[in-house]
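Remarks on the structure that follows.
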């Protein structure tokens, strides 16, 4: 059914859907990378949660792409990624110096 929804959209909407699919995929990859980095700097709990969020984005990818609420999901994921990147980078630098 989702395939029919994706195929029945007009050209500009199809571009938006494709863009959201690509962004969701990239955010999922980024969250997985951050999860591995968090694991290395001894934040196992954060690593586990980040992996769960990445899996949720993967499972919800089609819904994120076709729903207007998907924009908000992607926006919040972007903020999460930025915050975690700063935290993990700071921790990695601190652990490298000590």
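The table for this structure:
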item: Cα convex hull volume per residue for the range 11-97 (Å³); result: 72
item: Distance in nm between pseudo-label sites at residue 33 and residue 75 (7 Å out along the Cβ direction from Cα); result: 2.5
item: Fully extended contour minus Cα-Cα distance, from residue 13 to residue 58, at 0.36 nm per residue; result: 14.1 nm
item: Chain lengthening between residue 95 and residue 22 when straightened (0.36 nm per residue, less Cα-Cα); result: 22.9 nm
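Each value in this text was obtained by applying a stated rule to the coordinates, not by laboratory testing. All figures in this text were calculated on a predicted structure; none of them were measured in a lab. Using ideal geometry, Cβ is built from the backbone for each residue, glycine included, and neighbour counts are taken over all protein chains shown.
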